[in-house]
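S.K.: Before I ask anything, let me first share the structure, which is written out below as structure tokens.
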Amino acid sequence: MGELVARVSEQFSRILRGEIELIQVKLADKAKHVGVGAGFFAVAGLLALYALGVLITAAVLGLAVALPAWLSALIVGVVLLIIAAVAALIGKKKVQEGQAPSAEETKANLKADVDAVKKGIQS
């Protein structure tokens, strides 16, 4: 009986070690795929940035057909700055909305919770 328990224990340990090795291999494989995917996202982002530069240049050259080149570049630059300012203001608003509650708000919430518990106990 003792030998049987020892063999079962040994086999269980072997199975457990095998499962751990399998998990490690699977995690390494997944990490490799995630790394390759992140690399492709980086390449895509870089190419998109270059494409944006080309499109901005095309906008300047397109306006330069009707206006002087310096004025075309100035107009496109100002439009881009306006878009950047709007995006910054929206970003600032979203960050402020996501901030943690102030200490006063936390105190008020705790006081309301304590009052609710006291009312519940008294009922």
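Every read-out reported here was derived from the displayed coordinates using simple, explicitly stated rules and does not represent laboratory data. Keep in mind that what you see is a predicted model, and the values were worked out from it rather than measured. In this analysis, Cβ positions are derived from the backbone assuming ideal geometry, glycine residues included, and neighbour counts consider all displayed protein chains.
S.K.: Taking Cα atoms, how many degrees apart are the long axis of helix 69-97 and the longest axis of the chain, rounded to 10 and kept between 0 and 90?
M.R.: So the inclination is approximately 30 degrees.
S.K.: Most fluctuating residue of 22, 81, 52 in a GNM of the chain with Cα springs under 10 Å: which is it?
M.R.: Taking springs between Cα atoms under 10 Å, the residue moving most is 22.
S.K.: Translational diffusion coefficient, Stokes-Einstein: compute it for region 70-123 using the Kirkwood radius over C-alpha pairs as Rh, at 4 °C and 1.567 mPa s, and state it as an integer in µm² s⁻¹.
M.R.: It diffuses with D of about 85 µm²/s by this estimate.
S.K.: Mean-square fluctuation check for the chain, GNM, Cα pairs under 10 Å: which of 97, 19, 105 is largest?
M.R.: Sorting by GNM fluctuation, first place goes to 105.
S.K.: Stretched out fully, how many nm does the piece from residue 99 to residue 121 gain, at 0.36 nm a residue minus the Cα gap?
M.R.: Roughly 4.5 nm would be gained on extension.
S.K.: Need the full-extension length gain, residue 17 to residue 82, defined as separation in residues times 0.36 nm minus the C-alpha distance. One decimal, nm.
M.R.: Result: 17.4 nm gained on full extension.
S.K.: For region 1-66, compute Rh as the Kirkwood radius over C-alpha pairs and then the Stokes-Einstein diffusion coefficient at 37 °C and 0.692 mPa s; write the answer in µm²/s, rounded to an integer.
M.R.: 193
S.K.: Separate question: Obtain the nm distance between the two label points defined at residue 74 and residue 57 by a simple spin-label model: each point lies 7 Å from its Cα along the Cα-to-C-beta direction.
M.R.: Result for the modelled spin labels: 2.3 nm.
S.K.: What distance in nm lies between label points placed 7 Å from Cα along the C-beta direction at residue 111 and residue 9?
M.R.: Rounded to a tenth, the inter-label distance reads 6.2 nm.
S.K.: Moving on. Running a GNM on the chain with Cα contacts under 10 Å, which residue among 98, 53, 45 ends up with the highest mean-square fluctuation?
M.R.: Fluctuation is largest for 98.
S.K.: Then there's this: Using only Cα atoms, find the angle between the long axis of helix 103-122 and the longest principal axis of the chain, and express it within 0 to 90 degrees, rounded to the nearest 10.
M.R.: That works out to roughly 40 degrees.
S.K.: Could you work out the helix-only [θ] at 222 nm for the chain, with each DSSP H run of four or more residues adding -39,500 (n - 2.57) and the total divided by the number of residues, to the nearest 500 deg cm²/dmol?
M.R.: Dividing the helical sum by the residues of the chain leaves -33500 deg cm²/dmol.
S.K.: Report Rg(Cα)/(2.2 N^0.38 Å) for the chain, keeping two decimals.
M.R.: 2.31
S.K.: Specify the angular offset, from 0 to 90 degrees and rounded to the nearest 10, of the alpha carbon long axis of helix 2-64 from the longest principal axis of the alpha carbons in the chain.
M.R.: In the chain, helix 2-64 runs at an angle near 0 degrees to the longest axis.
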